[in-house]
Amino acid sequence: DFDFYRPRYPELAHLNSVRLRDHFASIGQSEGRVALSWLRSSLVLPPVMPDGRDRVLVALEDAHPSTTTAQALSLIRGLSQHYHVVTVLTAGGDMARAITDASGTAVVLNDSRALAGEDARLLTAELREEFQPVFAVTCSVASRAMAVALEQSGIPVVALVGKHASALSQHGNLL
């Protein structure tokens with residue numbers, strides 16, 4: 001995935017596609033470099049079908065039983081009455097099926113690195129292009145970098161972090 005590999009590894013941006021592929025095959029893979037974009041390497045259930053409703057992103061750290069996950073599931077169910085909800089999970093868990101069923105689309109990331117630093121910006125760009133959300137809701141401190149990247153790209157963000165609120169500082173127009 002050249003469109004992902006080049007910006008993720010800027011020191012290789014000068015290589016043409018053939019040399020970039022050769023680099024990954026001979027060096028990059030053994031170094032643990034990521035070749036596919038975060039969204040392309042994730043499980044997306046089901047694909048978004050046009051239904052005329054605006055789309056909303058809801059980002060969760062995982063689907064393990066907790067007060068935060070239960071509240072997020074309730075939020076997803078409520079939002080689903082008016083929006084096509086695209087839920088982004090960084091890991092599965094016992095409540096993953098309920099969250100997937102309540103969501104219009106669920107994206108289960110295969111690597112938590114997608115939520116940190118520059119990778120969060122790359123993932124956010126993919127999510128924005130693919131789903132075109134009108135706003136986003138983040139439900140954990142782990143999705144902070146994603147919340148900031150979404151907000152910087154012009155997508156309004158509601159950050160629901162409960163007891164972890166002190167770990168966040170306001171950035172821009174985060175709600």
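Among the residues making up the stretch 72-92, those that are open to solvent by 10 Å² or more (accessible area, probe 1.4 Å) and either farther than 20 Å from residue 123 by Cβ or in a helix (DSSP H, G or I) (or both) are 73, 74, 75, 77, 78, 79, 80, 81, 82, 83.
Within the stretch 1-44, the set of residues being among the polar types (S, T, N, Q) and under 28 Å from residue 105 (Cα atoms) comprises 37, 41, 42. Only residues that are open to solvent by less than 50 Å² (accessible area, probe 1.4 Å), modelled with pLDDT of 90 or more, outside any helix (DSSP H, G or I) and not β-branched (Val, Ile, Thr) were counted across the stretch 107-145, and they come to 3. Cβ separations smaller than 8 Å between residues 6+ apart or across chains give the following pairs from the stretch 67-92 residues that are more than 19 Å from residue 54 (Cα to Cα) to residues that are open to solvent by 60 Å² or more (accessible area, probe 1.4 Å) and hydroxyl-bearing (Ser, Thr, Tyr): 90/112; 91/112. Under the condition of being at pLDDT 85 or above, open to solvent by 40 Å² or more (accessible area, probe 1.4 Å) and within 20 Å of residue 115 (Cα to Cα), the residues counted in the stretch 56-71 number 0. Just one residue in the set 40, 33, 53, 21 is in a helix (DSSP H, G or I), surrounded by 11 or more Cβ atoms within 10 Å (Cβ to Cβ) and either in contact (Cβ under 8 Å) with a residue 12 or more places away in the chain or not aliphatic (A, V, I, L, M) (or both); that residue is 21.
The values are calculated or read from the model by the stated rules, or taken from the named source; none is laboratory data. Everything numeric here is computed off the predicted structure, so don't read it as measured data. Quick reminder, even Gly has a Cβ in these numbers, built from the backbone with ideal geometry, and neighbours come from all protein chains shown. Calculation scope for accessible area: heavy atoms of the full protein, side chains included, ligands and nucleic acids excluded. Shrake-Rupley method; radii C 1.70, N 1.55, O 1.52, S 1.80 Å.
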